[in-house]
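First comes the structure, then the notes that go with it.
The values are calculated or read from the model by the stated rules, or taken from the named source; none is laboratory data. Here the structure is a predicted model, which means the values were calculated and not measured. Cβ placement follows ideal geometry from the backbone for every residue including glycine, while neighbour counts extend to all protein chains displayed. To get the accessible areas, we keep the full protein, side chains included, count just its heavy atoms, and leave off ligands, DNA and RNA. Shrake-Rupley method; radii C 1.70, N 1.55, O 1.52, S 1.80 Å.
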Amino acid sequence: MSASAEGNARAAGYAPHPYVGGRTAALRALAAWRMRWPGAPRVIVLTGNPGSGRSRLLTGFLMMCDPEYRKQLPMDDLDPATVPPDLPAPAVPSAAGRTAAQVLWLLADHFELAAGRTEDVFAELAARDEPVTIVVPDVDQAGPVRAAEEATRVVREVLTPLAATETVQLLADVPRELATELAGALPASQVQVIDLDAPEWADPKGLVLHAETALDAGSGAPELPYTTDPAARRALAEALAARAAGNRLTVQLAVQSLLMQPEGFDPADASQLPTSVGEALDLHARRLGTDPQTLRLMLAPLAFAEGDGLPVQLLGTLANAVAGRDMSQDLTDGMLLAAPFIQPVEPSSEDDEDGTGEDAEAGAGDGRTLLRLMHPALAEEIRSGLPDVRDTQTRIAMALLEEVPQQDWAQADPYIRDHLAAHTLEAGLLPQLLTDPGLFAHADPVTLRAAIEAVPLEQLGAPARTYLRTAPLLTRSQASATLRAAFLESAFVEDGLAPYAEALHTRGFRLPWRTLWSVPLAGVRAVTTGSVAAAGEDGTAVSRSVAALLVPEGTPGSRTLPDAADAADGAVASQDGTGAADGTAAGEDAGAVNGDGAAAAGGRTALLLHDLRAPEYVDADPSQVVQPSEEDRAAAPLGFSRGADYLRVWARADRRMVAALVSDSPVTDADLSPDGVLVVATERGVTARQILVDAPPAAPSVPAQRTGTTDADASHGLEGDHS
């Protein structure tokens, strides 16, 4: 198949695709791939220069692949060789704004896979009886952070393994610098590269049609000599297409420019027709009597904008920062000048779903207007024209930081809170930013994690490393800012960063607990709370509240349990480990752990006593531990229930949930003292938290199914739990 197919299709009288307006050769190749035509490749890599029309082509093709949407298309008028068969729509996990892991878990959701780890996704797809069809668009826009180069990870961690899976029929829209790498991982017989800028796939006549349609007064263009006269319109469209060298974005920008501001445009003057995206910007500015550099400086903040776009309220601040001077008058006078290159965007309804929680609601639904450039290639052009991108990002980051009231992240603009890390990453300043636990709690964990992961681990301080290990838990639980703060507070204590944990109690959060201590003690099989007589500072006996930990024999500081026959009176109660589905506290029906229980657990065990409220062990006779009575537990104001990796604490009086805890490793046992100290043992260690009953309930999205450990390599902010 080649570009000659374009002429053949027109000669046969077929209508062009109503959205694509051409690209017959490429559409024929894609249709053959979809119907698995003999000789058609199993994998197609679609590529081209920025602005070549890859997204438009793929969108038009997917219209014909959707059984419902194709009913709205004139299918009988199209070239039959360009029409894919009427099959169920393929899976289309867009990479735009998503991490590699998120793209993969979107696929797992789509195919309802039971995979718990990333490698399991590929294994389950390979084991399917019938082939699956997957289309991955917008790989060049992958990742929540531009400077993190997530597109490379998507290609290497998702697309390459998918392409190697024989049961997968794959079509991916990939930037040129990664297309060769993806295609090179497969035998030549299985893969085809469609480069829309290569001569065999070029579509000059389709580009003329694209320009002619955009210029048509009947399609909404203003009435001008070159929009109402068919001959003049055709001549201008041909001239635009010839000058643009096949780049659809260049033609689109040129048409928008002259239709929005037709004054001073002479269609007979070819020098007024751009040959590139950059020239489209500069010609537009000169025609309107403005210095092209001024237009570029006005648009520069949008060229660096992250996420869905830049809030209009921040445009002036960042324009001043980039230019190093007051740009307010230029912006006031020049918004019409910039209009052809800007589009407004409503804040995404997914903001809160991405894990930004309660704080995002203040920004997502308040009617704020976001601005972004018409196309990513515009951003590339503007950024490439700046003398020092890193210095520009430094100016932007400092300006954004100054906009945080009293450095209180709760009052910060959602854009600053969620995307400042991305700007400081490219400025080379991110490690210096990662010292404020308030930012850790308030920022979108998907975005912040992606930025931090782009920094070499040796450059990160201890707080950032704690955040990085906790981030999968924050995204998996889809926790609110308050609950993120609570999880981080415990993580800081676990990592010996108590001042950072304490700081979170001063940042305005009403945390559901205060973490008292944590010990990295592996192999704890059971815990219970109680009291024991111990020697005080003056040598007299005092009663100390303790957590009794059932540990393997030989654990430093532990005492071996007596034989079962001698242990009945002093046995330490243990949780049954099953949780309580009916909302009662797990452990209220607990049995005794004695010598028989130790044997059942697999080897001899010992007891280790830890102060319930202080970070220190207690040297006392474990046989003297006094446990709360059944009456004491029943009279306690709080109860709890648990699952494999989560616990809920609730008030007995009104069944109100007081706290919800999700663990990043399986819970082996837990106990709640009558005065509200929750002791939890996991595979990582033991942590004690004082439940703060005055705090409002803060419930994460607790996983419905849980069978193993969290996949720490995955970021599940958009799609929930897939561990």
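Quick rundown of the values:
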quantity: Point-to-point label distance, residue 408-residue 312, nm (Cα→Cβ direction, 7 Å offset); calculated: 2.7
quantity: Label-point gap, in nm, between residue 621 and residue 120 - each point 7 angstrom along Cα→Cβ; calculated: 4.9
quantity: Solvent-accessible area of residue 518 with every protein chain in place, 1.4 Å probe, in Å² to the nearest 10; calculated: 30
quantity: Centroid-to-centroid separation of the range 182-213 and the range 32-104 [C-alpha atoms, Å]; calculated: 14
quantity: Contour excess over end-to-end distance, with Cα ends at residue 149 and residue 164 and 0.36 nm allotted per residue; calculated: 3.1 nm
quantity: Value of D in µm² per second that Stokes-Einstein yields for the range 89-160, Kirkwood Rh from Cα pairs, at 4 °C (1.567 mPa s); calculated: 104
quantity: Theoretical FRET efficiency, 1/(1+(r/R0)^6), r = Cβ-Cβ of residue 219 and residue 77, R0 22 Å, to 0.05; calculated: 0.70
quantity: Exposure rank, largest accessible area first [374, 260; 1.4 Å]; calculated: 260, 374
quantity: At q = 0.18 Å⁻¹, base-10 log of I(q)/I(0) for the range 370-511 (Debye sum, equal scatterers on each alpha carbon); calculated: -1.05
quantity: Surface share of carbon and sulfur [accessible, 1.4 angstrom probe, percent] for the range 656-695; calculated: 54
quantity: Residue 540 versus residue 654: modelled label distance in nm, points set 7 Å from Cα along the beta carbon direction; calculated: 4.2
quantity: Convex hull volume per residue in cubic angstrom - Cα atoms of the range 428-565; calculated: 179
quantity: Amide H contacts under 5 Å for residue 193, placed H, 5+ residues apart; calculated: 45
quantity: Ratio of Rg to Rh over the range 635-681 (Cα coordinates, Kirkwood Rh, two decimals); calculated: 0.96
quantity: Accessible area in the full protein assembly, largest first, 1.4 Å probe, for 326, 694; calculated: 694, 326
quantity: Rg/Rh for the range 424-468, where both radii come from Cα atoms and Rh is the Kirkwood radius; calculated: 0.90
quantity: Alpha carbon centroid spacing (whole Å) that separates the range 268-290 from the range 464-531; calculated: 57
quantity: Residues in the range 252-273 reached by a label modelled at residue 231 [backbone nitrogen below 16 Å; 7 Å Cα→Cβ]; calculated: 268
quantity: Compactness of the range 1-156 - radius of gyration and Dmax, Cα, Å; calculated: 17.0, 54
quantity: Ranking by accessible area, most exposed first, for 560, 152, 470 with a 1.4 Å probe; calculated: 560, 152, 470
quantity: For the range 75-124: accessible area per residue (Å², 1.4 Å); calculated: 42
quantity: Extension gain, residue 683 back to residue 68 (0.36 nm per residue minus Cα-Cα distance, nm); calculated: 216.4 nm
